[in-house]
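Comments concern the structure below.
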Amino acid sequence: MTEATLNPTASLNKFEKFKAEKDGLEVKKELDQFAQIGWEAMDEIDRDHRLKWMGVFFRPVTPGKFMMRMRIPNGIITSGQFRVLAEIVQRYGEDGVGDVTTRQNIQLRGIRVEDLPDIFRRFEAAGLTSVQTGMDNVRNITGSPVAGIDADELIDTRGLVRKVQDMITNNGEGNPSFTNLPRKFNIAIAGCRDNSVHAEINDIAFVPAFKDGTLGFNVLVGGFFSAKRCEAAVPLNAWVDPRDVVAMCEAILLVYRNHGLRANRQKARLMWLIDEWGMEKFRAEVEQQLGYPLQTAAEKDEILWDKRDHIGIHAQSQPGLNYVGLHVPVGRLFAGDMFDLARLAEVYGSGELRLTVEQNIIIPNIPDSRLGPFLKEPLLERFSVAPEPLVRSLVSCTGAQFCNFALIETKNRALAMISELEQEVSVPRPVRIHWTGCPNSCGQPQVADIGLMGTKARKDGKTVEAADIYMGGKVGKEAHLGTCVRKAVPCDDLKDVLRDLLVTQFQGQLKDAVTV
Ligand code: SRM
Ligand code: SF4
């Protein structure tokens with residue numbers, strides 16, 4: 001008898017093994033017990049891995065202070081919910097931070113395991129959930145940040161995103177049907193003309209398209225970034241009516257769950273299965289799962305615009321109302337900022353806030369007559385409606401401050417460097433600079449004008465923090481991924497290299513004071 005026959009999990013990799021032994025969602029029932037015994041006494045696999053099924057992430061960089069990743073469908077949250085998140089991080093003092101993420105989402109920091117039962121009670125009362133947001137689960141589902149308020153919108157994505165989330169998470173309760181996928185999974189639904197969700201970098205993306213005069217979506221599949229490989233999504237050659245979006249997501253997820261490659265975690269994302277099978281077989285399996293034939297894709301999609309960043313004041317489709325995009329430098333919020341934002345949304349808008357994949361915040365539904373006083377609010381001095389063109393498009397992943405994968409510090413360094421560059425160079429239009437602390441690419445350097453990926457280099461006989469430079473990422477219509485153009489520039493030399501790039505490639509002008 002082989003070891004595998006004696007023990008069916010013996011031949012599985014470590015992750016598949018612990019998932020087979022105990023489903024991640026099981027820890028939901030054990031939160032009270034974890035709170036009583038404390039993080040140090042917890043089973044390590046529960047603490048370091050399974051808690052992520054509840055959206056709770058052990059941080060080896062700050063042991064005992066966990067991160068919580070929410071689900072904010074379509075990036076839309078009410079002021080009441082935002083205040084609940086602010087109250088949660090407030091109790092952690094300096095450790096308490098809320099970060100807006102590159103998936104239109106919020107992550108909370110400083111969380112103590114003894115507070116989890118109370119935190120989940122508060123979530124439930126506020127209609128919030130963090131379920132299934134880490135490890136081998138579907139991440140926050142992104143949708144057009146100006147859904148329902150954009151005059152040129154094609155499809156309002158809000159209800160669709162919500163329904164897909166409810167299907168995957170069983171209305172936020174947790175859904176064992178989707179808690180053991182081969183790997184993480186990303187879904188985006190674009191409803192506007194500018195692809196403001198980066199459809200091309202998702203495992204499933206819906207982009208608006210007309211078929212025989214009916215508006216629906218063309219479906220793209222397999223987009224992903226990983227340390228080993230990055231791919232833009234490819235056409236499934238399928239068009240779906242908006243009413244079939246939920247069924248389509250469910251069918252693809254079931255095909256992926258049942259057939260996705262699990263042996264090697266570096267080769268487990270959806271695209272690897274599509275490669276192994278070929279698109280024709282993959283499409284046929286999705287049809288079989290759906291139980292009906294798919295329509296072929298519409299000839300062209302409706303992504304016709306360059307990408308907008310939604311910062312500044314914009315008239316809505318509703319006459320007399322405006323949405324105002326506030327620039328949140330690298331997405332970092334403290335409790336006081338979150339309380340203030342909730343207040344602004346209530347006093348000037350309709351009590352709603354929206355998040356963008358550029359880590360910024362939109363306050364919608366501000367009447368024309370309220371714009372004047374709104375723009376005088378002190379918070380707008382830091383969260384500007386008209387930021388300088390370099391900081392405006394700056395995006396950064398978490399980096400070494402909180403992430404143990406990081407090879408370099410990102411957020412703080414990115415802000416310090418951009419403020420020096422703003423003093424030295426003027427650029428005629430925003431240049432999208434994205435920082436990511438390691439090859440996992442959470443900060444999406446491949447979609448940037450200039451992407452910076454953390455690495456190490458040797459300088460003067462020492463190992464130092466450095467960055468690989470990516471260029472050529474194009475977003476919006478005809479989006480395509482940028483590629484690495486220069487390896488391992490020590491971070492100490494990076495500012496000069498960036499300044500040269502801004503001058504030579506982005507029509508930057510050196511300001512008078514700079515001598516190089
Ligand atoms: Fe990410 C793992 C942070 C968006 C690709 N990502 C991680 C972890 C959980 C690693 C860890 O345990 O420390 C990071 C948590 C650090 C922390 O304390 O914040 C982390 N990822 C982030 C966030 C917060 C970056 C940000 O500052 O905004 C983003 C959270 C999104 C969300 O709300 O769910 C985030 N991660 C992304 C994206 C961008 C996107 O989705 O558009 C990607 C590339 C796209 C993709 O996944 O295809 C991304 N993260 C990864 C990967 C590589 C996945 C792979 O297939 O190999 C990892 C590592 C892994 O999963 O093994 C990872
Ligand atoms: Fe951490 Fe790397 Fe992701 Fe940055 S890119 S958050 S350093 S895993």
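The values are calculated or read from the model by the stated rules, or taken from the named source; none is laboratory data. Bear in mind the structure is a predicted one, so any value in this text is a computation, not a measurement. So basically every Cβ, Gly included, is an ideal-geometry build from the backbone, and we count neighbours across all protein chains shown. Only protein heavy atoms, including side chains, enter the accessible area calculation; ligands, DNA and RNA are left aside. Shrake-Rupley method; radii C 1.70, N 1.55, O 1.52, S 1.80 Å.
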Original post:
Quick one: in the stretch 243-259, which of the residues that are in contact with a strand residue (DSSP E or B) (Cβ under 9 Å, 6 or more places away or on another chain) and open to solvent by less than 30 Å² (accessible area, probe 1.4 Å) is farthest from Leu12 (Cα to Cα)?
Top reply: Val245
Subject >> Number of positions in the stretch 336-350 that are surrounded by fewer than 19 Cβ atoms within 10 Å (Cβ to Cβ) and in contact with a strand residue (DSSP E or B) (Cβ under 7 Å, 6 or more places away or on another chain) >> reply: 1
Subject >> Condition broken by Cys484, with the remaining ones in (1) at pLDDT 95 or above; (2) within 23 Å of Ala232 (Cβ to Cβ); (3) within 15 Å of ligand 1 (Cβ to nearest atom) satisfied >> reply: (3)
Subject >> Qualifying residues in the stretch 428-460 (those that are in contact with a Gly (Cβ under 9 Å, 6 or more places away or on another chain) and of a type in the set (Ser, Thr, Tyr)) - the one nearest to ligand 1 (Cβ to nearest atom) >> reply: Ser441
**OP:** For the stretch 266-311, enumerate the residues that are surrounded by fewer than 18 Cβ atoms within 10 Å (Cβ to Cβ) and either farther than 29 Å from Asp156 by Cβ or touching a His at 6+ places or on another chain (Cβ under 9 Å) (or both).
**Re:** Gln266, Asp275, Glu276, Trp277, Gly278, Met279, Glu280, Lys281, Ala284, Gln288
Subject >> Those residues of the stretch 428-455 which are surrounded by fewer than 19 Cβ atoms within 10 Å (Cβ to Cβ) and closer than 19 Å to Asp306 by Cα, in sequence order >> reply: Pro428, Arg429, Pro430
Subject >> the stretch 402-413 residues that are over 21 Å from Arg69 (Cα atoms) and part of a loop (DSSP other than H, G, I, E, B), paired with ones that are more than 8 Å from ligand 2 (Cβ to nearest atom) and basic (Lys, Arg) (beta carbon under 8 Å, 6 or more apart) >> reply: Leu407/Lys456
Original post:
Which of the residues that make up the stretch 80-114 are within 13 Å of ligand 1 (Cβ to nearest atom), of a type in the set (Val, Ile, Thr) and within 28 Å of Ile189 (Cβ to Cβ)?
Top reply: Val100, Thr101, Thr102, Ile106
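Matching residues to (1) within 16 Å of ligand 2 (Cβ to nearest atom); (2) acidic (Asp, Glu); (3) farther than 14 Å from Gln359 by Cα:
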{"site": "Arg370", "(1), (2), (3)": "no, no, yes"}
{"site": "Ala386", "(1), (2), (3)": "no, no, yes"}
{"site": "Ala400", "(1), (2), (3)": "yes, no, yes"}
{"site": "Arg413", "(1), (2), (3)": "yes, no, yes"}
{"site": "Ala416", "(1), (2), (3)": "no, no, yes"}
{"site": "Glu422", "(1), (2), (3)": "no, yes, yes"}
{"site": "Val431", "(1), (2), (3)": "no, no, yes"}
{"site": "Lys459", "(1), (2), (3)": "no, no, yes"}
Subject >> Which numbered condition Gln423 misses (of (1) touching a residue at least 60 places away in the same chain (Cβ under 8 Å); (2) buried (at least 18 other Cβ atoms within 10 Å of the Cβ)) >> reply: (2)
Subject >> Elements of type helices (runs of 4 or more DSSP H) contained in the stretch 217-295, each with 1 or more residues being modelled with pLDDT of 95 or more and over 23 Å from Ile141 (Cβ atoms) >> reply: 270-277, 279-290
Original post:
Considering only the stretch 458-516, how many residues are under 28 Å from the mean Cα position of the chain (by Cα), assigned to a loop (DSSP other than H, G, I, E, B) and at negative phi?
Top reply: 7
Original post:
How many of the residues making up the stretch 414-427 are farther than 25 Å from Lys307 by Cα and either assigned to a strand (DSSP E or B) or within 13 Å of ligand 1 (Cβ to nearest atom) (or both)?
Top reply: 0
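Matching residues to (1) farther than 24 Å from Cys442 by Cβ; (2) at pLDDT 95 or above; (3) more than 18 Å from the chain's Cα centre (by Cα):
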{"position": "Phe383", "(1), (2), (3)": "no, yes, yes"}
{"position": "Asn404", "(1), (2), (3)": "no, yes, yes"}
{"position": "Ile408", "(1), (2), (3)": "no, yes, yes"}
{"position": "Lys411", "(1), (2), (3)": "no, yes, no"}
{"position": "Met417", "(1), (2), (3)": "no, yes, yes"}
{"position": "Glu420", "(1), (2), (3)": "yes, yes, yes"}
{"position": "Pro428", "(1), (2), (3)": "yes, yes, yes"}
**OP:** Could you please find all residues in the stretch 388-404 being open to solvent by less than 20 Å² (accessible area, probe 1.4 Å) and either more than 23 Å from Ile418 (Cα to Cα) or in contact with a His (Cβ under 6 Å, 6 or more places away or on another chain) (or both)?
**Re:** Val395
